[in-house]
Amino acid sequence: MKTPSFYCRLILIGLCVLAGELQAQDPPPNPTDPTVTLLILPFDNATGDPSLDAASKSIPDLVAAFLASGTDRIGIVNRQAMEQIYQEKSLTWQGFLESPADPNRTRLAQAGHIVRGSLARAQHSGDDIDAIEIHLFLHETTSTRLLKSFQAQGPPDKMVSLCQQAAESVAAFFQADLPPVEPLPLDDNPEKNLLMIHGLSAWHNGQPHRAIACLLKILDRHPADEAAQFWLAKSFFAADLHRHAQIQLEQFLEQHPRSRRTNEARRLLKTLDQTRHEDLDR
């Protein structure tokens, strides 16, 4: 039986690929005026297998990362911020969806559409008795009317591919295409993987300050981690914390001079230098 950390590692692969780990390229910028806004709710683990709890909880982040990094037609709402608002109003996701139609619901959700879903055992999987299905349900926010359902089926160790298929189905519904991604090697530290999952997902969804918090936790335990150092610098840059970004980039280049990310790190330092001179000229 696969362990929870195994599935977390697989999900981290997808997020790292989306973040440009292979090609060291920035993803497309987050949309400032997207055609479609989505709020992706937590997924249920309906498999009865506790080892898949972590995977089911990470599916929304991975689907959101695929959508946010692949198209400027779809904008993803920060679910964590919404959860704080709902707690203050004593609301639950289930109650939110089951309440009567309300024209103020879209304003409260800050999204025109809501995606909810579950992870379940596949009903018709042939010889693969361990096959799973990811189910996604797309709702109109104001009325909570179900617009479309999607599913992706396969073995549990293909979780990232299944999430990509699900995201592609959602994107296709809104006439948006997602770029292909490739696999990466696995990492063996489950705690670090979980933090990196949330950090890269936050970065993809235009939430650099949340990414910074996750990456700092990694570096507190693993000070020399190459990926965490690099993405912390990029998160500082995205959050306009330029002095912190410069210090982190210089430290990264000093400690990892042969990293495949060095060229991009130098480009960021050059951009920071140009920005500083422009500010002095004003």
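Read-outs throughout are calculated quantities, based only on the coordinates presented, and are distinct from any laboratory measurement. Computed from a prediction, not measured in an experiment: that's the story for all the values here. Don't worry about glycine lacking a Cβ; one is built from the backbone with ideal geometry, like all the others, and counts go over all protein chains shown.
For the pair residue 51 and residue 191 in one chain, pulling the backbone fully straight at 0.36 nm per residue adds 48.9 nm over the alpha carbon distance.
The fewest-to-most ranking of 235, 118, 56 by surrounding Cβ atoms within 10 Å reads 118, 56, 235. Using 0.36 nm per residue and subtracting the Cα-Cα separation, the extra length available between residue 226 and residue 258 on full extension is 10.4 nm.
When the square roots of the Cα gyration tensor eigenvalues are ordered a ≥ b ≥ c, the ratio a/c for the range 207-281 is 1.5 or more and a/b does not exceed b/c, which makes its shape oblate.
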